[in-house]
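In what follows, a single structure is set out as structure tokens and then discussed.
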Amino acid sequence: MELIQLSKKVATFPRQPGVYIMRDAQGEVIYVGKAKSLRERVRSYFNGQDERAQISFLLRRVVDIENIVTGSEQQAFVLERDLIGKFKPRYNIRLKDDKEFLSIRLDENAEWPRLELVRRIQDDGARYYGPFSFSHELRTLLEVIKRVVPLRTCADTIFYNRQRPCLEYQIKRCAGPCCLPVEKDAYRRWVQQARAILEGRTDWLIKQLEHDMQRASEELRFEDAAAIRDRVDTLRNVRQGQQLVSSSGEDRDVFGLYREEQLVALAILKVRRGRISDNQNFVFREVVVSDEELLEATLGQYYEGGREVPDEVVLPCEIANVSLIKAALDERAGRAIEFCVPQRGIRQRLVGLAMLNAKEHFLSTFDSDTRATELSRSLAKFLGLAQAPRKVECIDISNFQGSDIVGALVCFFDGRPHKDGYRKYLLPSDGKPDDFGSVREVVRRRLINGRQAEDLPDLMIIDGGAGQLKAALESRDELGLSLDIVALAKERGSVVDGEGGIKPERIYFADRKEPQPLPTSGELLNFFKRIRDETHRFVITFHRARRSKRAVRSALDGIAGVGPERRSRLLRAFGSIEQIAGAADTEVAKAGRMPLPLARKILRILKGAAQ
């Protein structure tokens, strides 16, 4: 079904809450979404109200859209989750995580309790801590407990059949209750100490251990005192190693993300009792939804499957259906869960840290080649190119009232500046600015040299509008070359649109009458900004150097007796031609180390030139 027919079909959708289902040519569900008003939400895909680049990407694949009306937004929210789980659409966010979650089990009703790692929480009277993500931090925590508290670690089948203590006893990490007489009261105290460590309460434990160490020393049990001292040192090191982020001891999950085009990394910081206790990372490919929709989709799935729900969830941006997600989590946790998007304070710093973690995980997951390939693919899709461009060149012209006309070209390869490909062009001038002619000349010279050296770019960007693009295409066509050329220009007139936002820059195409706005965010926008700003910097620096050189040359060059050395002395001493012309003859003679008659001659010539 063509887009025109789809648009007509969508116009008949009800203005009620529900779910819409998009299918491709093979009938496969490729996207599922929810809406407060089905007609208004789905029509936004077709009427241009939603200008995100990923919308056009999605519409190129959809051939049919279905809808299911629900009685409320809450029902639509639940139905969307169910349909995503059923169809697993390609362009919906699906939180893929094949790892089981670990919990720590402590059965205090056992004769000799121990800490166990389990993957399923059961209603068996035991205490469970977690669930935790499978991570190095969890293993480290258990190692700390083993060093501080000598609880048994072996399973019951081994414990009740052992004839002599194991290696854990020899290295003083187990009291050996399997074979040796151990006081049960003392063992129970160790169990309480293990609980305190798991719950983050170590201050009182350190004091208690210090008291036990002092008593052992007074009773001349120096080996026991030394063992307790080592346990105290271990607890202090762990406490210092933990990053305290709040003195109030809150439990919260902090979300952050980093994105380049359709590649996204999501980081979740777990803050427990005021300390960062863990973080978890996810990556997504082929993401065609916005950051807000991505967060909403992941929130709807992250706390499923037995994950611990904290008292507070901290997000980097607002999401549309936070009230629905909150209601679901409140019901699951049996208490009120707070959601916030902080603007300052400790929560905002935590979001910044989560964003940094997401960026680092992104960079470690997607190498530079992967990111360059993704950028090239995005450029090709956005510009409608036949091939993904790796070598991109941008051209700009600079002049001052028709004089000192220069052109410059910068080269980016795989999204990064390639300085060896930078070029400068001196252009003829008749006192009148001619941007079109200048562009035509620079493009012609670049393409002639590129053809001879077999070093043509994959894509050429002209800084300018339709006129500059036409001039560049004329040079290309005269040489009979096949090369993709587009132009990048700002919106004419006011830079502020009707809604108070900045008007996006536009791309002009050779085969399209109307320009296309750049995306309002994302790596594609960043790339166009980087290459444009670098071209501006390069051409303006070159132009200023030319103007400065011409000004110095016209004023001092050609004066008999003034060579490069004397000219440099004068400019270093006075700073400019104007300052030299206003100085006394004796000062000029002294600064230039020249005879007084020559200094007078220089001043006469400079003043005459100024008039």
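The values are calculated or read from the model by the stated rules, or taken from the named source; none is laboratory data. It should be emphasised that the depicted structure is a prediction, and the values quoted were computed from it without experimental measurement. Reconstructed Cβ throughout: ideal geometry from the backbone, glycine too, with neighbour counts over all protein chains shown.
What the table shows:
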{"read-out": "Complete set of residues in region 231-265 that are at pLDDT below 65, outside any strand (DSSP E or B) and in contact with a strand residue (DSSP E or B) (Cβ under 8 Å, 6 or more places away or on another chain)", "value": "Gln242, Gln243, Val245, Ser246"}
{"read-out": "Qualifying residue in region 383-402 (condition: at pLDDT 90 or above and part of a helix (DSSP H, G or I))", "value": "yes"}
{"read-out": "Residues of region 374-394 that turn out to be over 23 Å from the mean Cα position of the chain (by Cα), more than 22 Å from Arg423 (Cβ to Cβ) and of a type outside the set (A, V, I, L, M), as a count", "value": "2"}
{"read-out": "Qualifying positions in region 568-594 - closer than 20 Å to Asp404 by Cβ and surrounded by 15 or more Cβ atoms within 10 Å (Cβ to Cβ)", "value": "Leu571, Ile577"}
{"read-out": "Unmet requirement for Pro14, which otherwise passes all of (1) touching a Ser or Thr at 6+ places or on another chain (Cβ under 9 Å); (2) part of a loop (DSSP other than H, G, I, E, B); (3) modelled with pLDDT under 80", "value": "(3)"}
{"read-out": "Residue within region 349-364 that is surrounded by fewer than 18 Cβ atoms within 10 Å (Cβ to Cβ), under 20 Å from the mean Cα position of the chain (by Cα), more than 30 Å from Leu299 (Cα to Cα) and of a type in the set (D, E, K, R) present", "value": "no"}
{"read-out": "Yes/no for Ile448 being of a type in the set (A, V, I, L, M) and assigned to a strand (DSSP E or B)", "value": "no"}
{"read-out": "Close pairs from region 73-100: first closer than 23 Å to Arg120 by Cβ, partner assigned to a loop (DSSP other than H, G, I, E, B) and at pLDDT below 70, Cβ under 7 Å, at least 6 apart", "value": "Lys99/Phe134"}
{"read-out": "Residue count for region 267-285, restricted to those that are in contact with a strand residue (DSSP E or B) (Cβ under 9 Å, 6 or more places away or on another chain), assigned to a loop (DSSP other than H, G, I, E, B) and either modelled with pLDDT of 80 or more or under 18 Å from Ile104 (Cα atoms) (or both)", "value": "1"}
{"read-out": "Among residues of region 451-467, those that are in a helix (DSSP H, G or I) and touching a residue at least 40 places away in the same chain (Cβ under 8 Å), counted", "value": "1"}
{"read-out": "Residue under evaluation Ser376, criteria (1) touching a helix residue (DSSP H, G or I) at 6+ places or on another chain (Cβ under 8 Å); (2) under 30 Å from Arg512 (Cα atoms); (3) crowded, with 17+ Cβ neighbours inside 10 Å, criterion not met", "value": "(1)"}
{"read-out": "Failed criterion for Ala336 (all others in (1) in contact (Cβ under 8 Å) with a residue 24 or more places away in the chain; (2) closer than 28 Å to Glu73 by Cα; (3) aliphatic (A, V, I, L, M) hold)", "value": "(1)"}
{"read-out": "Subset tally (residues that are of a type in the set (Gly, Ala, Ser) and surrounded by 21 or more Cβ atoms within 10 Å (Cβ to Cβ)) for region 382-421", "value": "4"}
{"read-out": "Extreme residue, modelled with the lowest pLDDT, among residues of region 108-161 that are under 22 Å from Thr202 (Cα atoms) and β-branched (Val, Ile, Thr)", "value": "Thr140"}
{"read-out": "Residue list for region 200-219, filter: of a type in the set (D, E, K, R), within 16 Å of Val144 (Cβ to Cβ) and surrounded by 12 or more Cβ atoms within 10 Å (Cβ to Cβ)", "value": "Arg201"}
{"read-out": "Sole exception among (1) closer than 30 Å to Thr520 by Cβ; (2) assigned to a loop (DSSP other than H, G, I, E, B); (3) not β-branched (Val, Ile, Thr) for Gly300, by number", "value": "(2)"}
{"read-out": "Of all residues in region 162-183 being basic (Lys, Arg) and over 20 Å from Gln193 (Cβ atoms), the one that is modelled with the lowest pLDDT", "value": "Arg162"}
